[in-house]
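For reference, the structure is listed below as structure tokens.
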Amino acid sequence: MNKLINFIKTNWLGILVCFLIALPSWFIGEKFPIIGGPVIAILSGMVITLFWSKKKTAQSGIKFTSKFILQAAVVLLGFGLNLNIILETGKQSLPIIICTISTSLFIAFALHKAMNIPGNISILVGVGSSICGGSAIAATAPVIDADDDEVAQAISVIFFFNVLAALFFPLFGSLIGFNTSNGEAFGIFSGTAVNDTSSVTATASTWDSMWNLGTQTLDKAVTVKLTRTLAIIPITLALAIIRAKKAKKENGNASRFSLKKSFPFFIIYFIIASLITTIAVNFGVSQEVFAPIKELSKFCIIMAMAAIGLNSNIIKLVKSGGKPILLGGLCWIGITAISLLMQHVLGIW
């Protein structure tokens, strides 16, 4: 009981500030999905911290939000995944997804080596571009011990190319001759070539509106996007194993190495949450039962992004932004090209 009281005393102010930033960010993000709540929250936090010189008493709660609430958000995100449906409906797009993810990660690694881009930034931008934007960054950051500036930099880069995709992809799709009588081809393109879920939704919905397709494109794009989300599991586990081996090697003494401290067990809980949803739906429970948990996970991510914004130096981000933006742009171009090529090879477009 004393531990709980001490925890509240130490952390309540920082958590409350993050909550108060997240609340309007959530509603504004719902109104403007092309931007999204996480981006609004992180930008708000960056601006507020410029004028908040005496935030020492809130620092502990802000740190707790950026780390532990972020991990909790990833676990809750698992309740939005019915593995059976995703695997069944995602078969068509799986080869495209594998190729686009591989392309983005290869580009990120190559530029990390060629341009001396920091390793964590390269990983976060590569994973965020290839899998699911902010959610992938949220899951990966704790695994590689990325600091708040690195997370903010990666989120900013992903946001920039999300906006470009949502604005220009529908026009681009019509110019290159995507089928306008159904939403299949453009839905797969949106689901594989656009980074964040909010921007995938905005891009696909625009195509539906342009050609009076109801929700055909949106349904296809969201399913493909959810299939991409599953890649969080193997990639974060692989990164965790690499990091654990590196830590063990650097430590020089196996007895001092702690797997419990190095391994991101919240990813295991994410998998368990996904399995709970899958099993429950198989026994007749409606998927809608888990919808509030999924929404809670989104809100927790927004809270965590507010905390990351509060801990970020916007001036430093602007000064160091050139290489990460170039990295994000090349990842985006590579993913777009491979998505189109694979659709052509598979006879979808």
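A few remarks follow.
- Summarising the label geometry, the points placed 7 Å from Cα in the beta-carbon direction at LEU16 and SER102 lie 5.3 nm from one another.
- Here each label is just a point 7 Å from Cα along the line to Cβ, and for ILE272 and ASN179 those points are 4.3 nm apart.
- Per-residue HN-Hα couplings for region 112-128 [Karplus 6.51, -1.76, 1.60; θ = phi - 60°; Hz; x = Gly/Pro]: 4, 6, 6, 10, 6, 6, x, x, 5, 4, 4, 5, 5, 5, x, 5, x
- Based on the Stokes-Einstein relation at 4 °C and a viscosity of 1.567 mPa s, and on the Kirkwood radius from alpha carbon pairs, the chain is assigned a translational diffusion coefficient of 63 µm²/s.
- For region 103-214, the Kirkwood hydrodynamic radius from C-alpha pairs, put into Stokes-Einstein at 4 °C and a viscosity of 1.567 mPa s, yields a diffusion coefficient of 88 µm² per second.
- Listed from fewest to most Cβ neighbours within 10 Å, the set TRP26, TRP332 follows the order TRP26, TRP332.
- The calculated FRET efficiency for the pair ILE279 and SER53, based on their C-beta separation and a Förster distance of 41 Å, comes to about 0.20.
- Where labels lie 7 Å past Cα in the beta-carbon direction, separation of LYS63 and LYS245 in nm: 3.2
- For region 185-246, pairs of C-alpha atoms spaced more than 15 angstrom apart make up 52 percent of the total.
- Exceeding the 26 Å Cα-Cα cut-off - candidates LYS3/LYS67; LYS55/LYS294; LYS9/LYS246; LYS248/LYS316: LYS55/LYS294; LYS9/LYS246; LYS248/LYS316
- For the peptides 96-108, 121-133, residues were scored by their other Cβ atoms within 10 Å and the scores averaged per peptide; the highest-first order is 121-133, 96-108.
- For region 297-312, putting each phi into the Karplus relation 6.51 cos²θ - 1.76 cosθ + 1.60 with θ = phi - 60° gives couplings of 4, 5, 5, 5, 5, 5, 4, 5, 5, 4, 5, 5, x, 5, 9, 9 Hz, in residue order, rounded to whole numbers and with x for Gly and Pro.
- Computed [θ] at 222 nm, helices only, for the chain once each DSSP H run of length n ≥ 4 contributes -39500 (n - 2.57): -25500 deg cm²/dmol
- Gyration tensor (alpha-carbon) shape descriptor, region 7-51, a/c threshold 1.5: oblate
- ³J(HN,Hα) computed for each position of region 40-48 - Karplus, 6.51 cos²θ - 1.76 cosθ + 1.60, integer Hz, glycine/proline x: 4, 5, 5, 5, 4, x, 4, 5, 4
- Scattering from region 38-108 was approximated by placing one identical point on each alpha carbon and applying the Debye formula without solvent; log10 I(q)/I(0) at 0.13, 0.24 1/Å stands at -0.71, -1.08.
- Ranked by how many other Cβ atoms sit within 10 Å of their own Cβ, fewest first, the residues THR201, THR277, THR49 fall in the order THR49, THR201, THR277.
- Ellipsoid equivalent to region 1-144 - semi-axes via the Cα gyration tensor, in Å: 32, 20, 16
- Gyration tensor (alpha-carbon) shape descriptor, region 297-349, a/c threshold 1.5: oblate
- Applying 1/(1 + (r/R0)^6) with r as the Cβ-Cβ distance of ILE315 and ALA114 and R0 = 41 angstrom yields a FRET efficiency of 0.95.
- Sequence of GLU30, GLU150 once ranked by neighbouring C-beta atoms within 10 Å, starting from the fewest: GLU30, GLU150
- Among THR180, ALA244, ILE117 the positive-end extreme of the charge dipole of region 106-251 (Cβ point charges): ALA244
Readers should treat all values here as calculations from the given coordinates under stated rules, not as data from a laboratory. Being a predicted model, the structure only gives us computed values, none of them experimental. Cβ coordinates were reconstructed from backbone atoms using ideal geometry, including for glycine residues, and neighbour counts include every protein chain displayed.
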